[in-house]
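For reference, the structure discussed in these notes is given below.
The values are calculated or read from the model by the stated rules, or taken from the named source; none is laboratory data. Source: prediction; values computed, not measured. As a convention, Cβ positions derive from the backbone with ideal geometry for all residues, glycine included, and neighbour counts pool all protein chains shown. The accessibility values were calculated without ligands, DNA or RNA, using every heavy atom of the protein model including side chains. Shrake-Rupley method; radii C 1.70, N 1.55, O 1.52, S 1.80 Å.
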Amino acid sequence: PKPSEIDSEPKTFKGKLSNIWYHFKWVIISVAVASVIIAVCIAQCASRIDYDMKIVVYSESAYFPDELNNLMAEYIEKICPDINGNGKTDIQVINCSYSEKSTNTQNQVLAKTKLQTSLAAEDSAFIYITDKKGLDFLNQIADKVFHGESVKLGKDFYDYCNKNELMKLPDDLYISCREIDGAAIGKSKNARKIFDASQEVMEKIGVKSE
C-alpha cells in the first residue's frame with residue numbers, strides 16, 4: 001500500500017467503527033429494520049388466538065357493548081367442543097349490533113357492512129345471535145341462510161350475561177345456525193366440525209318452541 005493509504009487508516013477503535021459506519025451504514029440499517037419486522041411478525045404469530053369458531057351478533061334494537069359480547073363468548077366457550085384440538089375452546093364474537101333509535105346512521109351502515117362481510121367471507125362463523133328484526137332481515141336477504149329452526153335463547157344464558165344491572169341483553173334473542181349444504185361456507189376445511197359443534201351449542205342453550 002501507498003504511504004498515504006496507510007496514514008489514512010483509522011488507528012483507534014472509535015475511528016474504525018466510524019469507518020465501518022461510513023461504508024456500510026445502509027446495510028446495517030437494512031439488517032436492523034428487517035430484524036425488527038421479523039421480531040414483530042413472530043410476536044404476532046405467537047400471540048394470535050386460534051379461534052374454534054366465531055359468532056355473529058346482529059341486533060337492530062340495541063347496541064351490544066364489549067362487556068356483553070365477552071360474557072356471551074365466555075358462556076359458549078364452556079359448552080362448545082374443542083374443534084381445533086388445542087386443548088381449549090376460544091370463541092370470537094363479531095359484533096354487528098346497533099340501535100335503530102340512534103341518530104348516528106354511520107353506525108348502522110358499518111354494522112350492516114360487517115354483517116354482509118361475515119355472511120360472505122367468515123368460514124368459521126356459523127352461529128348467529130339476533131333479535132327478531134335482525135332475524136327477519138337475514139331471512140329476507142337470501143334463501144335458506146339458516147339450517148332448520150331458529151330458537152330463542154334460554155334463561156341460563158341470560159342469567160350468565162346479565163350480571164350488570166345497567167347493561168343487559170335485549171329480551172327475545174334468537175340463536176341460529178348457518179346452512180352449509182350447497183353453500184360456499186360448507187367448503188371450508190373444518191365446516192362439518194364447526195357445524196356439528198354449532199348444533200350442539202344450540203341444543204344446550206336454545207329453547208325450542210312448543
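Given their separation in residues at 0.36 nm each and the Cα-Cα distance between them, Lys144 and Asp156 gain 1.4 nm when the chain is fully extended. Compute the Cα gyration tensor for segment 55-143, then decide on rounded, prolate or oblate, letting a ≥ b ≥ c be the square roots of its eigenvalues: rounded whenever a/c is under 1.5, prolate when a/b is larger than b/c in the other cases, and oblate in all that remain. Prolate, because a/c is 1.5 or more and a/b exceeds b/c. Remark: for residue pairs Lys78/Lys132; Lys163/Lys204; Lys78/Lys168; Lys132/Lys189; Lys88/Lys133; Lys163/Lys187, the C-alpha separation exceeds 28 Å in Lys132/Lys189; Lys88/Lys133; Lys163/Lys187. How much accessible area does Glu200 have with a 1.4 Å probe, in Å² rounded to the nearest 10? Roughly 80 Å² of Glu200 is accessible to a 1.4 Å probe.
So how much slack lies between Phe137 and Ile37, counting 0.36 nm per residue of separation and subtracting their Cα-Cα distance, in nm? Intermediate values should be presented prior to the final figure.
Details: separation 100, 0.36 × 100 = 36.00 nm, distance 4.39 nm.
Using 0.36 nm per residue and subtracting the Cα-Cα distance, I get 31.6 nm.
Think of segment 88-184 as having a plus end and a minus end, set by charges on the Cβ of Lys, Arg, Asp and Glu; of Ala125, Tyr174, Thr103, Thr103 sits farthest toward the positive end of this dipole.
What Kirkwood Rh does segment 147-210 have if only Cα atoms enter the pairwise 1/r average? Answer in Å. Walk me through the numbers before you get to the answer.
Values: mean 1/r = 0.0753 Å⁻¹.
With all distinct Cα pairs of segment 147-210 included, I get 13.3 Å.
Size of segment 56-210: Rg and Dmax of its alpha carbons, in Å, are 15.0, 45.
For Glu67 and Lys204, what is the calculated FRET efficiency with R₀ set at 22 Å and r taken between the beta-carbons, to the nearest 0.05? Provide the component values of the computation, followed by the final result.
Values: r = 23 Å, r/R0 = 1.03.
The pair Glu67/Lys204 has a calculated efficiency of 0.45.
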